[in-house]
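Notes follow once the structure below has been shown.
Derivation of every value follows stated rules applied to the coordinates shown; laboratory data play no part. Quantities reported herein were computed from a predicted structural model and do not represent experimental measurements. Cβ atoms come from the backbone with ideal geometry, glycine included; neighbour counts cover every protein chain shown.
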Amino acid sequence: MPQFLPGLGSGYALAALLFQALRTILWACYRPYPRAPGPLPSVTVIVPAFNAGAMVEQAIYSAAAADYPGAKLKIICIDDSSTDSAWTGIAAAGRR
């Protein structure tokens with residue numbers, strides 16, 4: 001076994017530990033910015049679906065349940081000729 005391998009492994013382990021310590025320190029110091037005053041912008045969520053089945057319906061419900069004013073939120077679903085029940089899920093979410 002070459003003589004440099006244990007030193008190389010130790011150096012890599014030390015670098016990984018230092019990187020993780022830096023990430024932990026940055027995580028502990030993080031403070032979110034306060035929301036800017038004034039009106040919120042309009043947001044469009046695009047949900048692409050191709051043979052997504054029932055998951056597309058869950059994705060639409062998840063986007064609709066976002067903590068954002070409903071008047072400023074627009075959800076667009078795009079179905080690319082799915083051969084499963086994706087369109088049924090999109091239609092059910094639209095009715096709901």
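Rundown of residues vs (1) surrounded by 15 or more Cβ atoms within 10 Å (Cβ to Cβ); (2) among the aromatic types (Phe, Trp, Tyr); (3) under 20 Å from the mean Cα position of the chain (by Cα), yes/no style:
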position: 62; (1), (2), (3): no, no, yes
position: 71; (1), (2), (3): no, no, no
position: 85; (1), (2), (3): yes, no, no
position: 90; (1), (2), (3): yes, no, no
Within segment 48-60, residues more than 17 Å from the chain's Cα centre (by Cα) and of a type in the set (A, V, I, L, M) come out as 52, 54
